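Just so it is clear, none of the values below were taken in a lab; they were calculated from the coordinates. Since we're looking at a predicted model, the values are computed, not measured. Cβ placement follows ideal geometry from the backbone for every residue including glycine, while neighbour counts extend to all protein chains displayed.
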Amino acid sequence: MADQTTPKPDDRSDNVEKLQEMIHNTIENMERAEETLALSDSDETKRQVEEKNARRRESIEAMRMEVKDEARYQGQD
């Protein structure tokens, strides 16, 4: 007989907290990258940092939208 396991229940109780921490960490990474950018003379490095920070801004916006969704979900409990 095969060993059957049941899936874990969907525990979304701390998703908002985790997302907020991810947003905070991403903002810190952007700030560090900006500091590096200020010290760099390399056009290539500047371009890379600017592109990466643009992607980070997009990620932050998506995470903020997900925080709102999670908050709505938790409000339905």
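In the stretch 9-29, the residue that is nearest to residue 62 (Cα to Cα) out of those that are outside any helix (DSSP H, G or I) and not charged (D, E, K, R) is 13.
Residue-by-condition table, conditions (1) free of Cβ contacts under 8 Å to residues at least 24 places away in the same chain; (2) assigned to a helix (DSSP H, G or I); (3) of a type in the set (Lys, Arg):
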| position | (1), (2), (3) |
| --- | --- |
| 7 | yes, no, no |
| 31 | yes, yes, no |
| 41 | yes, no, no |
| 56 | no, yes, yes |
| 72 | yes, yes, yes |
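Taken over the stretch 9-29, the criterion of being farther than 24 Å from residue 55 by Cβ and either touching a helix residue (DSSP H, G or I) at 6+ places or on another chain (Cβ under 8 Å) or in contact (Cβ under 8 Å) with a residue 12 or more places away in the chain (or both) is satisfied by 12, 13.
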